[in-house]
Amino acid sequence: MTTQSFSTKKLADLDALVPGFSKVWKQIKAETGTKKRCPSSITFTDQARPMCLDDSSLGRRFALDLVSMKLSAGQHVSAGEWAVSASKNPDGALQGVPNGAALISCEWNDFYGFFSIDIQVSEGSIPKAMA
């Protein structure tokens, strides 16, 4: 199990981490409606983790084809008291991400000025140099 976090300040930082990710960020930004110019942090992991959002945060999950860099439509994730309702909430850990694909989990709050992205890939897909 490998997890590595990076702080980002400009769009070039995104492409340095994942080539072509700045274009994916534009799609994520449009769908989430955030005012952030660039995500605050990106975390890479090959471990299935649930989303545990702060009460004041917003959340969304996407699937990404790493070969074509095609992003799926987003799935809303509830936070706070809405997350513990009787309805289904896609905030659980997702096992079995296939090779060449990634699960992107986004948490943000424009008032507090943060946007974090977790990128989950298949186990063993994170290069040893990154860890």
Tally of residues being under 14 Å from ILE104 (Cβ atoms) and loosely packed, with under 14 Cβ neighbours inside 10 Å across the range 42-71: 2
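Among the candidates ARG49, ARG61, single out the residue that is assigned to a strand (DSSP E or B) and either under 13 Å from the mean Cα position of the chain (by Cα) or under 18 Å from PRO98 (Cα atoms) (or both).
Testing whether each residue is assigned to a strand (DSSP E or B) and either under 13 Å from the mean Cα position of the chain (by Cα) or under 18 Å from PRO98 (Cα atoms) (or both) leaves just ARG61.
Read-outs throughout are calculated quantities, based only on the coordinates presented, and are distinct from any laboratory measurement. Treat the numbers as computed from the prediction; the structure is a model and nothing was measured. We place every Cβ from the backbone using ideal geometry, glycine too, and count neighbours over all the protein chains shown.
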